[in-house]
Amino acid sequence: MERKVPSTVSDEIELYLRTLYSLLRSTAEVQIRTLEEVHAGTHSLLHPHARDSFPDTSALIYSLLRLPECIDNVQSVILGQTASVFGQYGYAVESWQEVSARARRRRCFYNGRDTLACTIASRSDIDDVVPCLTAYQMEWNKLHFLLRKVPAELVEQAAMGSEGAFETLAERLEMPVDDLERLQLVWGGDFYQRLECIRDRETSLRVRLLGGALSEYWRATRAWWDNIEDACPELVRRPVYFVSSNPHSLVNLISGFALQKQDDLIESLRQQGDELLLTEWDEIKARSVPSNRGNFLYYILKKVQQQPGGQVWLDEQLAYEQRMGIQRIPSVHSFDIEAQVIDLARLDPGQLDPRLSDCDCDYLRRSNALVLNIDYPLGLAAYDILTKVVEQAGPVLGVYVLGKAATLNGVRGDVMIPNVVQDEHSQNTYLFQNAFSAADVAPYLVYGTVLDNQKAVSVLGTFLQNAHVMDVIYREGYTDIEMEAGPYLSGVFEMFRPERHPVNEIVNLYNIPFDLGILHYASDTPLSKGKNLGAGTLSYFGMDSTYATTLAVLRRILACEKQRVG
């Protein structure tokens, strides 16, 4: 029998998860404080200084970016699958304020006082949000203890920019000056007010899980699909290419909206006065840098739409896309995963990104296929979504997964193409023929390297990794770490076999009757202190690998459709 890879879940992490889920079985709220010791005992790579008395600023910032800003005022966090589940327990969340985090798509509702309700799509959301809450509370209370010993005058002097006050404040808070500057960048104009809030009180969060049964996740997924089917009934009758990526790159490449609006976008950029980006644009025009013009405009479009008055740009783009056969379907009643339906027969070849100009697209007029593109889910939700799509939609011609990953052998911006995936959820090792190779991505990747024939691990959660896990993974040759490929492949197994996916086996997915492709671009390098794409000089650095992989997916779909319709 072929050798299985050793378990990539350490004893400490298994203890953490057993403790967490045994506590969440309670019908009462659970104190986050109960989890602090077992959380620290995992020795998480994202929270290496959990037990130290000095603040772990990186862990605090990571948590802050994945929790709504109102978390400072929250005392209770309620987890549930849908608004109806919350309503059954007396939480009328649809009348609450909808809030969101900067770096995590999760529909949340705030009652304006002390309670936050978070919609969860699968167990992976629990594995994500509870460690974030725990790390946040531990680091908040470290700062609270230190700030109590800091004179209020020093904080005021630092706020007014008094010479040396900021450096002295950092010293009193037992952190490097650049760590305090990172916190200031995250909190912006509220920096000193939030420090005062932390000084004034210790935090003690509580969490409660409502309706944790598996059937509730199925109902939430069904509600998500029903919303899509109501908006586009054609999905149940026509062939479908399923894509899990993001809500912008695919439509930008095929609509031509940003390219047509080049002059307006650059003028808007000049009005904002962003000299760094304007310099980059001048260098692109002069061809003194190899950056792609389209990638730059796609980034500026998103940036402009996020500015005050950006709704006008959004409305114009939506109207334009509808004329091009692109339909956006926002999630309404359950988890926050937008979908897009693209009618291939209505695409205008003349509007495609110039990097697709060599594609013969005349045959598309004879196509009856649709592309269903969804905003990539978190962890196990990928399995629930794919199985629901396959159950309800027309015949699925291809499954393509594009997403971020951590790399153990590359650098930020590299692209990894796996053909082996170890799934921590099912404990299966999946072997498959990836539809993509390095040759499909390399022509469009300017700054990174394409690494194909890689081995990936789909982990349980970002906090649930430590040095032992990394050592096991790397020793076995696994270099691509992410959260969705394994659950998707469990769904792929059930697309062509008359049984549920197995557990703890080596699973051969060769010779499946549809196209299958998985692409990951590196956003983190955990073996080099967790650098991420946001640490670069320009935040649009990640556009290079995002659009290189999206181009590979789109070209593959066009090629498959050309062969299908002749």
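Against the definition (among the polar types (S, T, N, Q) and surrounded by fewer than 18 Cβ atoms within 10 Å (Cβ to Cβ)), how does Ser76 come out, yes or no? So Ser76 passes the test.
Considering only the range 153-195, state which residues are of a type in the set (Gly, Ala, Ser) and either in contact with an Asp or Glu (Cβ under 8 Å, 6 or more places away or on another chain) or surrounded by 17 or more Cβ atoms within 10 Å (Cβ to Cβ) (or both).
We begin by selecting, within the range 153-195, every residue of a type in the set (Gly, Ala, Ser); these are 158-159, 161-162, 164-165, 170, 188-189.
Hits for the range 153-195 are Ala158, Ala165, Ala170.
Only one entry of Val38, Val85 meets the criterion of being out of contact with any Cys (no Cβ under 6 Å at 6 or more places or on another chain), hydrophobic (A, V, I, L, M, F, W, C), in a helix (DSSP H, G or I) and more than 22 Å from Thr115 (Cβ to Cβ), and that entry is Val38. Counting only residues that are buried (at least 21 other Cβ atoms within 10 Å of the Cβ) and touching a Leu at 6+ places or on another chain (Cβ under 8 Å), the range 436-448 holds 3 of them.
Is it the case, given these coordinates, that Ile374 is β-branched (Val, Ile, Thr), assigned to a helix (DSSP H, G or I) and touching a helix residue (DSSP H, G or I) at 6+ places or on another chain (Cβ under 8 Å)? For Ile374, the condition - β-branched (Val, Ile, Thr), assigned to a helix (DSSP H, G or I) and touching a helix residue (DSSP H, G or I) at 6+ places or on another chain (Cβ under 8 Å) - is not met. For Asp358, the criteria (1) closer than 19 Å to Ala223 by Cβ; (2) not in a helix (DSSP H, G or I) hold in every case but one, which is (1). Per the conditions (1) touching a Pro at 6+ places or on another chain (Cβ under 7 Å); (2) surrounded by fewer than 22 Cβ atoms within 10 Å (Cβ to Cβ); (3) modelled with pLDDT of 95 or more, the sole criterion not satisfied by Ser100 is (3). In the range 243-298, of all residues being among the charged types (D, E, K, R) and closer than 19 Å to Gly542 by Cα, the one that is farthest from the chain's Cα centre (by Cα) corresponds to Glu283. Among the residues of the range 520-566 satisfying the criterion of being at pLDDT 75 or above and within 30 Å of His49 (Cβ to Cβ), which is surrounded by the fewest Cβ atoms within 10 Å (Cβ to Cβ)? Looking at the filtered set, the residue picked out is Thr525.
Table: residues versus (1) under 28 Å from Val503 (Cβ atoms); (2) surrounded by fewer than 22 Cβ atoms within 10 Å (Cβ to Cβ); (3) in the same structural domain as Ile342 (by TED's automatic domain parsing); (4) in contact with a Gly (Cβ under 7 Å, 6 or more places away or on another chain).
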position: Ile385; (1), (2), (3), (4): yes, no, yes, no
position: Gly413; (1), (2), (3), (4): no, no, yes, yes
position: Val420; (1), (2), (3), (4): yes, yes, yes, no
position: Val457; (1), (2), (3), (4): yes, no, yes, no
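Listed here are the residues, each with its yes/no results for (1) of a type outside the set (A, V, I, L, M, F, W, C); (2) closer than 16 Å to Val129 by Cα; (3) at pLDDT 95 or above.
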{"site": "Arg25", "(1), (2), (3)": "yes, no, no"}
{"site": "Glu37", "(1), (2), (3)": "yes, no, yes"}
{"site": "Ala50", "(1), (2), (3)": "no, no, yes"}
{"site": "Pro55", "(1), (2), (3)": "yes, no, yes"}
{"site": "Ser58", "(1), (2), (3)": "yes, no, no"}
{"site": "Tyr62", "(1), (2), (3)": "yes, yes, no"}
{"site": "Leu65", "(1), (2), (3)": "no, yes, no"}
{"site": "Leu79", "(1), (2), (3)": "no, yes, yes"}
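Within the range 137-159, residues that are under 18 Å from His39 (Cβ atoms) and touching a residue at least 24 places away in the same chain (Cβ under 8 Å) sit with their Cβ atoms under 8 Å from residues that are aromatic (Phe, Trp, Tyr) and surrounded by fewer than 18 Cβ atoms within 10 Å (Cβ to Cβ), at 6+ positions apart or across chains, in these pairs: Lys142/Phe54.
Please pick out the residue among Asn466, Asn504 that is buried (at least 16 other Cβ atoms within 10 Å of the Cβ) and not aromatic (Phe, Trp, Tyr).
Details: Asn504 fails: buried (at least 16 other Cβ atoms within 10 Å of the Cβ).
Being buried (at least 16 other Cβ atoms within 10 Å of the Cβ) and not aromatic (Phe, Trp, Tyr) holds for just one of Asn466, Asn504, which is Asn466.
So is Tyr363 in contact with a Gly (Cβ under 6 Å, 6 or more places away or on another chain) and crowded, with 16+ Cβ neighbours inside 10 Å or not?
Working: in contact with a Gly (Cβ under 6 Å, 6 or more places away or on another chain): no; crowded, with 16+ Cβ neighbours inside 10 Å: yes.
Considered against the rule, which asks whether it is in contact with a Gly (Cβ under 6 Å, 6 or more places away or on another chain) and crowded, with 16+ Cβ neighbours inside 10 Å, Tyr363 comes out as no.
One residue alone among Ser22, Ser53 is outside any helix (DSSP H, G or I), among the polar types (S, T, N, Q) and either crowded, with 17+ Cβ neighbours inside 10 Å or assigned by TED's automatic domain parsing to the domain that holds Leu180 (or both), and that residue is Ser53.
Those residues that are farther than 24 Å from Arg222 by Cα and either aromatic (Phe, Trp, Tyr) or not in a strand (DSSP E or B) (or both), I need them from the range 392-410; list them, please. Residues satisfying the conditions are Leu408, Asn409, Gly410.
Could you say which residue among Glu29, Glu2, Glu12 is modelled with pLDDT of 95 or more, of a type in the set (D, E, K, R) and farther than 27 Å from Ala170 by Cβ?
On the way: Glu2 fails: modelled with pLDDT of 95 or more; Glu12 fails: modelled with pLDDT of 95 or more.
Matching residue, one of Glu29, Glu2, Glu12: Glu29.
Among the residues of the range 210-250, which ones are of a type in the set (A, V, I, L, M, F, W, C), surrounded by fewer than 22 Cβ atoms within 10 Å (Cβ to Cβ) and in contact (Cβ under 8 Å) with a residue 24 or more places away in the chain? Lay out the reasoning, then the answer.
Initially, the range 210-250 is screened for residues of a type in the set (A, V, I, L, M, F, W, C), giving 210, 213-214, 218, 220, 223-225, 228, 231-232, 235-236, 240, 242-243, 250.
Next, from what is left, pick out any that are surrounded by fewer than 22 Cβ atoms within 10 Å (Cβ to Cβ): 210, 213-214, 218, 223, 225, 231-232, 235-236.
Correct list: Leu210, Trp218, Ala223, Trp225, Ala231, Cys232, Leu235, Val236.
I need a count of the residues in the range 366-382 that are under 30 Å from Gly448 (Cα atoms), out of contact with any strand residue (DSSP E or B) (no Cβ under 6 Å at 6 or more places or on another chain) and crowded, with 21+ Cβ neighbours inside 10 Å. Of the residues in the range 366-382, 6 are under 30 Å from Gly448 (Cα atoms), out of contact with any strand residue (DSSP E or B) (no Cβ under 6 Å at 6 or more places or on another chain) and crowded, with 21+ Cβ neighbours inside 10 Å. Only residues that are surrounded by fewer than 23 Cβ atoms within 10 Å (Cβ to Cβ) and either modelled with pLDDT of 95 or more or under 20 Å from the mean Cα position of the chain (by Cα) (or both): list them for the range 394-409, please. Passing the criteria: Pro395, Val396, Leu397, Gly398, Gly403, Lys404, Leu408.
Each residue in the range 337-362 was checked for being touching a Ser or Thr at 6+ places or on another chain (Cβ under 7 Å) and closer than 30 Å to Trp224 by Cα, and 4 of them qualify.
The values are calculated or read from the model by the stated rules, or taken from the named source; none is laboratory data. Since this is a predicted model, take the numbers as computed values, not measurements. Neighbour counts run over all protein chains shown; Cβ positions are idealised from the backbone, glycine included.
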